[in-house]
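Undergrad: Here's a structure for you.
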Amino acid sequence: MATARRIELTAEEEQTLRMWTRAGTTEQRLSRRAKVILCCAQGLPIRAVGEQCGLSQISVFKWKRRFLERRLDGLADEQRPGRPARISAAQRLAVVDLATSTPQQGKTSWSVKDLAQASGLSSTTVPPHPQRGQAAAAQDRVLVRPESRPRVRGQAGGHPRPLPGPPGERARAVGG
């Protein structure tokens, strides 16, 4: 039977791992992986580490093995399979910045063709609906409570125009 390899941390590694678990800006998955390594370094059994970190024993084994092989670099995400992106993150960000700016003179909004010409990319490469990211989009969203919406005259509960006739005939007119 194989014996479990114990994790010995340097002071710098331990400090980095603790920082990752405490920082509010660290990705949740990286924070959890750091917690796994810290628990393993304390000598806790794999089952206890899994329960404490909310991971399966297989996941705990995986992160422990990757840490032992590559130290802190082993906790980062590996390259995922699939076709590589056609445009870089910087190019995509440039297109998003362009799409959220004022359009060219005489236009009210950007078309894909205009974005492609202005960015130097082909129109098939430019994303059709460039998104700025959830944080920026959330700042732009205006939440309106239903009771604060202006009422349309004759609006009973959500339909902009009341349907003609008594309620029984409305259902037949709508197709119900």
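The values are calculated or read from the model by the stated rules, or taken from the named source; none is laboratory data. Just so it is clear, the model here is predicted, and its values are computed rather than measured. Cβ: placed from backbone, ideal geometry, glycine included. Neighbour counts: every protein chain shown.
Here is a yes/no grid of residues against (1) in contact with a strand residue (DSSP E or B) (Cβ under 8 Å, 6 or more places away or on another chain); (2) at pLDDT below 55; (3) outside the structural domain of Q15 (by TED's automatic domain parsing); (4) exposed (fewer than 11 other Cβ atoms within 10 Å of the Cβ):
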| site | (1), (2), (3), (4) |
| --- | --- |
| D97 | no, no, yes, no |
| Q105 | no, no, yes, yes |
| Q117 | no, no, yes, no |
| V126 | no, no, yes, no |
| R153 | no, yes, yes, yes |
| A171 | no, yes, yes, no |
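Undergrad: Which is under 30 Å from T125 (Cα atoms), over 22 Å from the mean Cα position of the chain (by Cα) and not basic (K, R), of S88, S101, S56?
TA: S101
This table checks each residue for (1) within 17 Å of K62 (Cα to Cα); (2) not in a helix (DSSP H, G or I).
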| position | (1), (2) |
| --- | --- |
| E12 | no, no |
| W20 | no, no |
| G43 | yes, yes |
| V49 | yes, no |
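Residues checked against (1) assigned by TED's automatic domain parsing to the domain that holds Q15; (2) touching a strand residue (DSSP E or B) at 6+ places or on another chain (Cβ under 6 Å); (3) surrounded by fewer than 20 Cβ atoms within 10 Å (Cβ to Cβ); (4) closer than 18 Å to E13 by Cβ:
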site: R29; (1), (2), (3), (4): yes, no, yes, no
site: R33; (1), (2), (3), (4): yes, no, no, yes
site: C39; (1), (2), (3), (4): yes, no, no, yes
site: G43; (1), (2), (3), (4): yes, no, yes, yes
site: R47; (1), (2), (3), (4): yes, no, yes, no
site: S56; (1), (2), (3), (4): yes, no, yes, no
site: K62; (1), (2), (3), (4): yes, no, yes, no
site: L68; (1), (2), (3), (4): yes, no, yes, yes
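Undergrad: Given (1) under 25 Å from the mean Cα position of the chain (by Cα); (2) exposed (fewer than 13 other Cβ atoms within 10 Å of the Cβ); (3) hydroxyl-bearing (S, T, Y), where does T10 come up short, assuming only one miss?
TA: Result: T10 fails condition (1) only.
Undergrad: Further question on the same structure: Considering only residues that are outside any loop (DSSP other than H, G, I, E, B), within 18 Å of T16 (Cα to Cα) and among the aliphatic types (A, V, I, L, M), which ones fall in the range 51-78?
TA: Residues satisfying the conditions are L68, L72, L75.
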